[in-house]
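The values are calculated or read from the model by the stated rules, or taken from the named source; none is laboratory data. All of these numbers come straight from a predicted model, not from anything done at the bench. Using ideal geometry, Cβ is built from the backbone for each residue, glycine included, and neighbour counts are taken over all protein chains shown. Keep in mind that these areas ignore ligands, DNA and RNA; they rest on the heavy atoms of the full protein, side chains included. Shrake-Rupley method; radii C 1.70, N 1.55, O 1.52, S 1.80 Å.
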Amino acid sequence: MKLGVMSALFTGRPLEKVCQFLAEHGLDAIELPAGAYLGKGFFDAKKVLSSAKEQDRIKGILREFGLTLSALSVHGNPIHPDKKIARDHHGAWETAVQLAPKLGTDIVITFSGCPGGSARDTTPNWVTCPWPGDFLQILDYQWNKVLVPYWARAIKYCAKFDVRTALEPHPGFCVYNSHTMIKLSRAAMKASGVKGKCRLGVNLDPSHLFWQGIDPVLAARDLGEAGLLFHVHAKDTQLDPHEGPRNGYLDTRPYGQFNERAWNFRTCGEGHGHEFWKPFVSMLRRYGYDYVLSIEHEDSLMSTEEGFVKAANFLHDCVIHEKAAKPWWV
């Protein structure tokens, strides 16, 4: 298994310097932002798509420092009820799908998206319970009229370029756990009529599962059994033992209110130790995932460098442990 980084945390720095820094800390891979909520990142994806010279330059930098491109990321909401936002995010995804194989990867990461509660809405509507009955009507509209048809078309587009899309389950979007991920992948693949390899899988980020009360190890098992483990983020969450039991963990207070929140994103090892991360890595390997753990740093208590280095050192130990623990007879 390789260690990589979701490199949006280094945006604003020269790609060469970032790759050198990653290589110095023993990383094997890099995930590059390419639009939507993440902005342009290190390059304008549209310009790179139209320039073989720029593609060669980027691949040359990665090759110089021994890095694999694990994925292009365009986290966005391509089914947003605001048509301009939807058009922009869909366009960024299409560009990334075309660009990914030219840069050496077949994985593009985004969110499932979330539409409004009806065709008349102008803002997304994330439904979290089945009653009153209005909510079931909203879910029927979102899934059958918008979500499945959109991703069925997207799967056909992926097939044209031999690319896979990895959806990152996240509250606020229609796919937020293993159940909704499996449901959408199966429905959209069937509706697309595309045969052969699955084109719609998961970018599994355990940090988004902890505060929903989900065990990421069990989620990895479900998604592994379904054959949907395409990519994995390495980010941690710390649950506050006082605030959570009082008010629950569905917390809408801004990230800046660190001391008041029921949960906060933390560097790997600061929210959960080896007692979680080693079984998590084990479960990924059990279902054949031997690709990249991509470090994503959003810890407000640590600088970019400190948080990244701590996560890298911690995860190196987890991955090495897994390699060393493999039975001799396998």
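I'd like the residue in region 22-42 that is more than 21 Å from Asn203 (Cβ to Cβ) and free of Cβ contacts under 8 Å to residues at least 60 places away in the same chain and, out of all such residues, is surrounded by the most Cβ atoms within 10 Å (Cβ to Cβ).
Among residues in region 22-42 that are more than 21 Å from Asn203 (Cβ to Cβ) and free of Cβ contacts under 8 Å to residues at least 60 places away in the same chain, the one surrounded by the most Cβ atoms within 10 Å (Cβ to Cβ) is Ala23.
Could you grab me the full set of residues in region 127-142 that are in a helix (DSSP H, G or I) and open to solvent by 20 Å² or more (accessible area, probe 1.4 Å)? It would help to see each step written out before you state the result.
Here is the first cut: in region 127-142, the ones in a helix (DSSP H, G or I) are 134-142.
Answer for region 127-142, where residues must be in a helix (DSSP H, G or I) and open to solvent by 20 Å² or more (accessible area, probe 1.4 Å): Asp134, Phe135, Leu136, Gln137, Ile138, Leu139, Asp140, Tyr141.
Could you grab me the full set of residues in region 251-292 that are touching a residue at least 60 places away in the same chain (Cβ under 8 Å) and of a type in the set (Phe, Trp, Tyr)?
Once the filter is applied, which keeps residues that are touching a residue at least 60 places away in the same chain (Cβ under 8 Å) and of a type in the set (Phe, Trp, Tyr), region 251-292 yields Phe276, Phe280, Tyr287, Tyr289, Tyr291.
For residues that are in contact with a Gly (Cβ under 6 Å, 6 or more places away or on another chain) and either open to solvent by 10 Å² or more (accessible area, probe 1.4 Å) or not acidic (Asp, Glu) (or both), tally how many sit in region 264-305.
The total comes to 5.
Do we have any residue at all in region 143-157 that's part of a loop (DSSP other than H, G, I, E, B), open to solvent by 30 Å² or more (accessible area, probe 1.4 Å) and closer than 30 Å to Ile30 by Cβ?
The initial filter retains those residues of region 143-157 that are part of a loop (DSSP other than H, G, I, E, B), namely none.
Within region 143-157 (the criterion being part of a loop (DSSP other than H, G, I, E, B), open to solvent by 30 Å² or more (accessible area, probe 1.4 Å) and closer than 30 Å to Ile30 by Cβ), the answer is no, since none of the residues qualifies.
Those residues that are open to solvent by 60 Å² or more (accessible area, probe 1.4 Å) and under 18 Å from Ala36 (Cβ atoms), I need them from region 47-81; list them, please.
Once the filter is applied, which keeps residues that are open to solvent by 60 Å² or more (accessible area, probe 1.4 Å) and under 18 Å from Ala36 (Cβ atoms), region 47-81 yields only Lys47.
Leu9 - would you say it is free of Cβ contacts under 8 Å to residues at least 40 places away in the same chain, under 30 Å from Trp126 (Cβ atoms) and of a type in the set (A, V, I, L, M)?
Judged against the criteria, Leu9 is not a match.
Of everything in region 1-21 that's surrounded by 24 or more Cβ atoms within 10 Å (Cβ to Cβ) and of a type in the set (A, V, I, L, M), which residue is nearest to Phe308 (Cα to Cα)?
Filtering region 1-21 for residues that are surrounded by 24 or more Cβ atoms within 10 Å (Cβ to Cβ) and of a type in the set (A, V, I, L, M), the one nearest to Phe308 (Cα to Cα) comes out as Val5.
Looking at region 87-114 only, could you name the residues that are among the charged types (D, E, K, R), out of contact with any strand residue (DSSP E or B) (no Cβ under 6 Å at 6 or more places or on another chain) and not in a helix (DSSP H, G or I)?
Once the filter is applied, which keeps residues that are among the charged types (D, E, K, R), out of contact with any strand residue (DSSP E or B) (no Cβ under 6 Å at 6 or more places or on another chain) and not in a helix (DSSP H, G or I), region 87-114 yields nothing.
Scan region 254-263 for residues that are within 29 Å of Ala71 (Cα to Cα) and open to solvent by less than 60 Å² (accessible area, probe 1.4 Å) and jot them down.
Trp263
Residues in region 190-219 that are among the aliphatic types (A, V, I, L, M) and closer than 19 Å to Ser70 by Cα: how many?
The qualifying residues number 3.
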